[in-house]
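For reference, the structure is listed below as structure tokens.
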Amino acid sequence: MNHLSEGYKSVSITSLVPSELASITSGDEFVSKLPEFDSTFEKLREDAKKEGKVLRYAGVIDVQNKVVKAALEKYPTDHAFATSLQGSDNIIAFHTRRYGSRPLIVQGAGAGAAVTAMGVMSDLLKLL
């Protein structure tokens, strides 16, 4: 059974961009209005902190519950998503029957400047 029948459109995505700003086409206007939402995100951060958690924007694939989403999630302060990330790192945690209580963690460089530049250069060299 295909749980992504509409491809990426099947993924539930909760944007970090406030809905009030989603239709703004001017970068200057967007940046000038963004501080109006600081208190909203600060409250989310403080609420998470009161629960002993941190906020992370994460992609989640839950096969058992048939959920595929990208959203701002709360994680305990001792979770790998809270303690292991630096800079533009990416991290994936596999929770399986075998790795249930201690998930398998795969971590590495994300699309930082050097990785992106290397990818662009590689693509350019393929054209030659």
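Below is a table of values for the structure above.
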{"item": "Any hit, the range 75-92, residues being open to solvent by 60 Å² or more (accessible area, probe 1.4 Å), assigned to a strand (DSSP E or B) and closer than 30 Å to E6 by Cα", "result": "yes"}
{"item": "Positions within the range 73-104 being more than 24 Å from T14 (Cβ to Cβ) and β-branched (V, I, T), in sequence order", "result": "T96"}
{"item": "Test for L104: is it within 30 Å of S5 (Cα to Cα) and either in contact (Cβ under 8 Å) with a residue 40 or more places away in the chain or touching a helix residue (DSSP H, G or I) at 6+ places or on another chain (Cβ under 6 Å) (or both)", "result": "no"}
{"item": "Residue within the range 17-25 that is exposed (fewer than 13 other Cβ atoms within 10 Å of the Cβ), in a loop (DSSP other than H, G, I, E, B) and touching a Gly at 6+ places or on another chain (Cβ under 6 Å) present", "result": "no"}
{"item": "The range 107-128, subset among the β-branched types (V, I, T) and either open to solvent by 70 Å² or more (accessible area, probe 1.4 Å) or in contact (Cβ under 8 Å) with a residue 24 or more places away in the chain (or both), residue nearest to V60 (Cα to Cα)", "result": "V115"}
{"item": "Residue that is in contact (Cβ under 8 Å) with a residue 60 or more places away in the chain, outside any loop (DSSP other than H, G, I, E, B) and either β-branched (V, I, T) or touching a Cys at 6+ places or on another chain (Cβ under 9 Å) (or both), where the choices are V54, V68", "result": "V68"}
{"item": "Count of the range 93-106 residues which are exposed (fewer than 11 other Cβ atoms within 10 Å of the Cβ) and assigned to a loop (DSSP other than H, G, I, E, B)", "result": "6"}
{"item": "Residue within the range 33-47 that is open to solvent by 70 Å² or more (accessible area, probe 1.4 Å), among the small types (G, A, S) and within 18 Å of P18 (Cα to Cα) present", "result": "yes"}
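The values are calculated or read from the model by the stated rules, or taken from the named source; none is laboratory data. Treat the numbers as computed from the prediction; the structure is a model and nothing was measured. Quick reminder, even Gly has a Cβ in these numbers, built from the backbone with ideal geometry, and neighbours come from all protein chains shown. With ligands, DNA and RNA removed, areas are computed over all heavy atoms of the protein, side chains included. Shrake-Rupley method; radii C 1.70, N 1.55, O 1.52, S 1.80 Å.
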